[in-house]
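Take a look at the structure set out below.
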Amino acid sequence: MVKELYSTFARCKTQIHHFSFMKYLLHFTLVLFVSVFTFAQETKQVLFLGNSYTQAHNLPVLVSEMAASTGDELIFDSHTPGGFRFMNHVSNATSLSKISDRDWDFVVLQEQSQLPSFPLPQVQQNVFPYAEQLTELIRANNPCTIPVFFNTWGRKNGDQQNCPNFPTLCTYEGMDDLLQERYRTMAEDNFALIAPVAAVWRHIRANHPDFELYTSDGSHPSLLGSMAAAYTFYTIIFQKNPQNVSYTQSLTDQQAQILKNTVHDVVFQHLEQWFIGEHDNFAHFTTTFHETSGIQFNPSFPFSNNFTWDFGDGNSSHQLQPIHQFSAEGTYLVTLTVNTCDDTFTYTIPVQVSNLATQESPISAIKVYPNPAKDILYIDQVNANYIRIVDSAGKVVHAAFSTQSGNTLVHCAHLPAGLYHLIMVEGDKRHRVSFLKK
């Protein structure tokens, strides 16, 4: 809009020759510019629950200063005792009191730095259940609050304390891969966003090895590390370009610009990879096929009574979970519109109807093996319209595909070791399956 205003101004300049008119037009343009800038300002209320990683360099304050530098406002509170785990926050009176203190826009959840990278049975017992309990408590206080998982990083040289019993943790890459995988699982299972600080750090480590992200303990963040995290949180919370942030704390201009460019490339350009537009869309829904009655549409956030379904065939419904019978085969764009949380949300997906049935297979039925993979990854029981692979930074990577005995083979020997995600679309279903490349 600002560019359009200046373009209009330039055109008018060639046509108007009276100086007084020019002064008036300039004044009018500047007033409109100020109005546009003011309109763009946003205020977000955010609670941070974590431990010393969030406490380091007072991360919430850094994010608040960044927001202020762009004309936005972050109202925040935090509870970050050293070493605290999700299981501690679930039963801690202060944490519970802060959750219920106000109707937060976001609540940030940061687990103890090592726990999510432990062997899966331990994580399933000591991490996942408490992540679920916290998100339930957050939504019980205000269903419009969006949980955000703070995806922390692998230690500088791996987790040497637990390396002897779990060799995957012996390196930074091994520990970091597991942390990214487990935080993504928590975000998927609890319909939350990810603040992908680990992905940002990995990009910095690979491209700017002279940047010291850690303190001397090889675990906690240096100021550079906390600033990288803060730019990431600013981008996730406000969904704005971090390159527009002028706050740099005590970093050099070059250091700050590199951090902002990294967050722009890893986070801002791939917001959908961190579930923005999906897990913060209160019109999101899924489908269930019923052989005799048709297709049932299920809202992911059934706390509003103001639903409008458009089935794309001329029919609509205001029911919470309508079941619709399509009269002909084809692909229909089904849209849900929801008025809730002081806003209007819409979500549209294509629903393919063939033989009056959706072409889909449950995600639980898709088998991907071996995982971790070395040279070839096998996918069976999938009939995808397309498959793509993205790396931990959300960038599409290239790999050859072939078929063998009905299975899809992904040839991944050329891929660097790390965490990857298979994105598979089957009809109106979009599946994501993570795998590790050895």
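The values are calculated or read from the model by the stated rules, or taken from the named source; none is laboratory data. What you see is a predicted model; the values in this text were computed from it and never measured. FYI the Cβ positions are ideal-geometry reconstructions off the backbone, even for glycines, and counts take in every protein chain you see. Each accessible area value is taken on the protein alone, full model and side chains, heavy atoms only, with ligands, DNA and RNA left out. Shrake-Rupley method; radii C 1.70, N 1.55, O 1.52, S 1.80 Å.
Listed cross-link partners LYS240/LYS260; LYS44/LYS98; LYS367/LYS437; LYS156/LYS260 are compared with a 20 Å cut-off, the Cα-Cα value being larger for LYS156/LYS260.
Quick one: with all protein chains in place, what share of the accessible area of the stretch 121-265 is carbon or sulfur, to the nearest percent (1.4 Å probe)?
Working: 2400 of 5330 Å².
Answer for the stretch 121-265: carbon and sulfur cover 45 percent of the accessible area.
Under a model in which nothing but the beta-carbon of Lys, Arg (+1) and Asp, Glu (-1) is charged, the stretch 100-243 shows a dipole of about 200 debye around its Cα centre.
The solvent-accessible area of ASP103, taken with every protein chain present and a 1.4 Å probe, is close to 90 Å².
By the gyration tensor of its Cα atoms, with a ≥ b ≥ c the square roots of the eigenvalues, what is the shape of the stretch 125-179: rounded for a/c under 1.5, prolate for a/b over b/c, or oblate? The shape class here is prolate.
Report the gain in length on full extension from GLN161 to GLU136: 0.36 nm times residue separation, minus Cα-Cα distance, nm rounded to one decimal.
Numbers: separation 25, 0.36 × 25 = 9.00 nm, distance 3.29 nm.
Length difference between fully extended and current span is 5.7 nm.
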